[in-house]
Structures are given as structure tokens and as C-alpha cells.
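S.K.: Would you mind keeping the following structure in view while I ask a few things?
The values are calculated or read from the model by the stated rules, or taken from the named source; none is laboratory data. In this text, all values refer to a predicted model and were calculated from it rather than measured experimentally. In this analysis, Cβ positions are derived from the backbone assuming ideal geometry, glycine residues included, and neighbour counts consider all displayed protein chains.
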Amino acid sequence: MAGSQSFDITTGCELQEVDNAINQAMKEIRQRYDFKGLNVDADFKRAENKIVLRAPDDFKINAMWDVIQEKMIRRQVPVKNLHLGKVLPAAGSTVTQEVDLQQGIPIETARAIVKLIKELKIRKVQAEIQGEQVRVSSPSRDDLQTAMHHIKEKDFGVELKFGNYRT
């Protein structure tokens with residue numbers, strides 16, 4: 001085989017699934033007895049890749065987050081890509097917490113992936129950062145599978161997706 005094989009490593013959350021999970025979680029939260037009559041809300045800001053949680057105290061925010069996380073897992077949204085911010089006081093004696101959605105591989109993580117591939121010293125396997133993804137290429141399909149196996153074994157702090165396999 002003279003041609004080059006490649007695959008892309010990406011990450012991200014399906015935004016429609018995140019929206020559906022938030023809506024399902026809020027339906028459940030509004031029906032729970034421990035939230036009756038309380039001013040609680042989870043606002044999904046799609047353009048900013050952010051979820052804003054509002055509740056009377058941090059205990060209620062943690063309870064909301066548990067329900068939201070459960071719904072995200074059911075909808076196969078990678079919870080590794082959700083990064084909780086600090087609980088901050090807000091107007092009207094409430095608190096807010098922002099949850100950032102990781103869309104695309106951060107540059108530090110991409111560099112760590114490239115470094116790992118270089119440290120493996122698998123012959124003719126090349127890795128290059130292309131924006132918010134990493135492309136791994138090699139003339140040998142077996143070498144690519146070996147590299148993919150080693151990348152899957154290591155935890156980079158985000159859910160990695162392997163796709164766009166080209167021959």
C-alpha cells in the first residue's frame with residue numbers, strides 16, 4: 001500500500017442532546033418535592049457553549065447538577081467535557097454556577113497527544129494539530145491502530161472521539 005492512512009481525534013458535545021438533557025432535567029427538578037416553590041433554573045446558552053445554573057443555595061445547585069449529569073449520561077453526552085465553575089452569589093439571595101462545554105481539543109491537550117505519539121516512536125506515524133483537532137497519519141494501518149490504542153489508554157481530561165478514518 002503506497003497511500004497514506006489517517007484519522008482525526010476530536011472532542012465535543014452534541015448541542016441538541018445537551019439542550020434535551022437540560023429540558024428533561026428541569027422537568028424532573030420542578031416536580032421534585034425538595035424544589036417545590038423555589039426559584040431554580042438551568043439556562044443553556046448555546047452560542048457561548050455554557051450552562052448557567054441558578055438556585056437559592058449551593059446545596060440546591062449540587063442537587064440540580066446531579067440530576068442534569070444523570071440526564072447527560074443517559075443522552076450519551078460526555079460529562080468529561082463539562083467543566084464546573086465556582087458557585088457565585090447572585091441577585092435576590094440566590095447563587096449561580098456556570099458549566100462550560102468543551103468543544104474542540106484545547107491546545108495544551110493537543111500538544112500532549114502529539115507528544116505522546118512522538119514518544120511512542122512508532123515508525124512513520126505523524127501527528128499534526130489542525131485547529132481544534134489532531135490528525136494522525138501513517139502508511140501502515142496497523143501502526144495507526146497501535147497509536148490509537150495508546151491514546152485511548154491515557155486520560156487527557158476530555159472525551160476523545162476518533163473518526164474520519166481515511167485510506
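S.K.: Pick from Asp155, Asp143: which is buried (at least 16 other Cβ atoms within 10 Å of the Cβ), at pLDDT below 90 and acidic (Asp, Glu)?
M.R.: Only one candidate qualifies: Asp143.
S.K.: Return the residues of the stretch 158-167 that are within 17 Å of the chain's Cα centre (by Cα) and exposed (fewer than 14 other Cβ atoms within 10 Å of the Cβ); say none if nothing qualifies.
M.R.: Gly163
Rundown of residues vs (1) more than 30 Å from Thr167 (Cβ to Cβ); (2) of a type in the set (D, E, K, R), yes/no style:
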position	(1), (2)
Asp8	no, yes
Cys13	no, no
Val18	yes, no
Gln24	yes, no
Tyr33	yes, no
Lys36	yes, yes
Ile68	yes, no
His83	yes, no
Glu98	yes, yes
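Listed here are the residues, each with its yes/no results for (1) of a type in the set (Phe, Trp, Tyr); (2) in contact (Cβ under 8 Å) with a residue 12 or more places away in the chain; (3) in a helix (DSSP H, G or I).
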residue	(1), (2), (3)
Phe7	yes, yes, no
Gln16	no, no, yes
Ile29	no, yes, yes
Arg54	no, yes, no
Ile68	no, yes, yes
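S.K.: Say whether the condition of being free of Cβ contacts under 8 Å to residues at least 40 places away in the same chain, surrounded by 14 or more Cβ atoms within 10 Å (Cβ to Cβ) and more than 25 Å from Gln16 (Cβ to Cβ) is met by at least one residue in the stretch 75-89.
M.R.: yes
S.K.: Please pick out the residue among Val114, Val134 that is at pLDDT 90 or above, of a type in the set (A, V, I, L, M, F, W, C), buried (at least 19 other Cβ atoms within 10 Å of the Cβ) and outside the structural domain of Lys36 (by TED's automatic domain parsing).
M.R.: Step by step, each of Val114, Val134 is checked, and only Val134 is at pLDDT 90 or above, of a type in the set (A, V, I, L, M, F, W, C), buried (at least 19 other Cβ atoms within 10 Å of the Cβ) and outside the structural domain of Lys36 (by TED's automatic domain parsing).
S.K.: Would it be correct to say that Lys60 is without any contact (Cβ under 8 Å) to a residue 12 or more places away in the chain and either over 30 Å from Ala147 (Cβ atoms) or assigned by TED's automatic domain parsing to the domain that holds Lys152 (or both)? Walk me through how you get there before you give the answer.
M.R.: Values: without any contact (Cβ under 8 Å) to a residue 12 or more places away in the chain: no; either over 30 Å from Ala147 (Cβ atoms) or assigned by TED's automatic domain parsing to the domain that holds Lys152 (or both): yes.
Taking the combined requirement at face value, the residue does not satisfy it.
S.K.: In the stretch 29-52, which residue that is of a type in the set (Phe, Trp, Tyr) and buried (at least 18 other Cβ atoms within 10 Å of the Cβ) is nearest to Lys71 (Cα to Cα)?
M.R.: Taking the candidates together, the pick is Phe44.
Condition check ((1) in contact with an Asp or Glu (Cβ under 7 Å, 6 or more places away or on another chain); (2) outside any strand (DSSP E or B); (3) in contact (Cβ under 8 Å) with a residue 60 or more places away in the chain) across all residues:
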position: Val114; (1), (2), (3): no, yes, no
position: Ile117; (1), (2), (3): no, yes, no
position: Ile129; (1), (2), (3): no, no, no
position: Ala147; (1), (2), (3): no, yes, no
position: Glu159; (1), (2), (3): no, yes, yes
